[in-house]
Amino acid sequence: MRRKARQATRPENRPRFWGRHAVAAALANPARTVVRLWATREAAAELDIPAGLAVTYADVADLGRLVPRDAPHQGLVAEVERLDDILLADLLDEAEDGRPLLVLDSVTDPHNVGAILRSAAAFDALGIVTQDRHAPGESGALAKAASGALETVPWARVVNLARALGEIAEAGFWRIGLDGAAAQTLGEALGPPRVALVLGAEGEGLRQNVAAHCDTLARLPISPKIESLNVSNAAAIALYAASVA
């Protein structure tokens, strides 16, 4: 899949990943440039470190100073270049029946987006689509929550989400917006072999213009004792439902 090259990142703006899964996945991704690696000797011994990548060995306390306070680095910290952008058109060219696409509307919490990427990998989703201005950038927190999926799940960032939903429809996707007030359940809305699941920000939900560009709206059949689910939990349930429909 082609990527649109990003401008070179200034060293002070490069993200730092931490944790065994995030760092190992970054090292294994041929599209990812790992610039620097800090590690305990014990953690480094478990990695497949490419030739030519210098490793700075440090103890646990020193590594803790390289990442946010209390970040679970597991003895590994990597400074990386951000991945080049994936074009939506190229992502849609890879579409296959039975592989859902996730569209996130103003989901800005990196932990939620990371968890959604992890679920997308687990259920073999085609990828995720976000608006460039209303989504988190690559970060250590996001990569840790994704548990390696940031390196394997295609992520297309677009300027206009409503326009992108038009392109998604042209590629043959049935666009289902998740809305807790919808009359039908997700199970009732599923059916076509290509499905795009559109999820909005927790609390605010889908923006009106985004909802208007969905083919239908549907809700998860949760108990009235709970008003709503965390968006990452809702995404995981929706992906499972799409996978068994």
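Just so you know, all these numbers are worked out from the coordinates, no wet-lab data involved. Everything numeric in this text was worked out from a predicted model, so none of it was measured. Don't worry about glycine lacking a Cβ; one is built from the backbone with ideal geometry, like all the others, and counts go over all protein chains shown.
About its Cα centre, what dipole magnitude does region 87-244 give when the only charges are +1 on Lys and Arg Cβ and -1 on Asp and Glu Cβ, stated in debye to the nearest 20?
Working: 11 positive and 19 negative charges, 70 e Å.
About 340 debye.
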Exercise. Got a sec? How would R20, R118 order by Cβ neighbour count within 10 Å, fewest to most?
Worked result: R20, R118
For this session: Mind sorting D84, D97 by how few other Cβ atoms lie within 10 Å of their own Cβ, fewest first?
Result: D97, D84
Problem set entry | Descending Cα extents along the principal axes, region 3-80, whole Å | 37, 26, 19
Exercise. How far, in degrees from 0 to 90, does helix 110-122 lean away from the longest principal axis of the Cα atoms of the chain, to the nearest 10?
Worked result: 80 degrees
For this session: On a 0 to 90° scale, report how tilted helix 231-244 is relative to the longest principal axis of the chain, with both axes built from alpha carbons and the result rounded to the nearest 10.
Result: 70 degrees
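Quick one: length gained pulling H134 to S243 fully straight, 0.36 nm per residue minus the C-alpha distance? List each step's numbers first, then the result.
Details: separation 109, 0.36 × 109 = 39.24 nm, distance 2.75 nm.
36.5 nm is the gain from fully extending H134 to S243.
Just subtract the alpha-carbon distance of N230 and A51 from 0.36 nm times their residue separation and send over the number in nm, one decimal.
60.3 nm
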Problem set entry | Translational diffusion of region 1-141, µm² s⁻¹ [Kirkwood Rh, Cα pairs; Stokes-Einstein; 25 °C; 0.890 mPa s] | 148 µm²/s
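Nearest 5 percent is fine: what portion of the DSSP beta bridges confined to the chain is antiparallel? Don't skip to the answer; put the middle values down first.
Numbers: 11 of 36 bridges.
The antiparallel fraction comes to roughly 30 percent.
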Exercise. What spacing in nm lies between the two simple spin-label points modelled at E170 and A61, each 7 Å away from Cα in the Cβ direction?
Worked result: 6.0 nm
For this session: Measure of size requested: the Rg and Dmax of the chain, with Cα atoms as the atom set and Å as the unit; please supply both.
Result: 19.0, 58
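Could you tell me which of rounded, prolate or oblate describes region 128-242, using a ≥ b ≥ c as the square roots of the eigenvalues of the alpha-carbon gyration tensor, with rounded for a/c under 1.5 and, failing that, prolate when a/b is larger than b/c and oblate otherwise? Please report the intermediate quantities before stating the final value.
On the way: a/c = 1.55, a/b = 1.18, b/c = 1.31.
It comes out oblate by the Cα gyration axes.
Pulled fully out, how much extra length does the chain show between E42 and A89, if you take 0.36 nm times their separation in residues and subtract their Cα-Cα distance? Mind dumping the intermediate values first?
Values: separation 47, 0.36 × 47 = 16.92 nm, distance 4.33 nm.
Extra length available between E42 and A89 comes to 12.6 nm.
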Exercise. Where does each of R16, R41 land when they are ranked from fewest to most other beta-carbon atoms within 10 angstrom?
Worked result: R41, R16
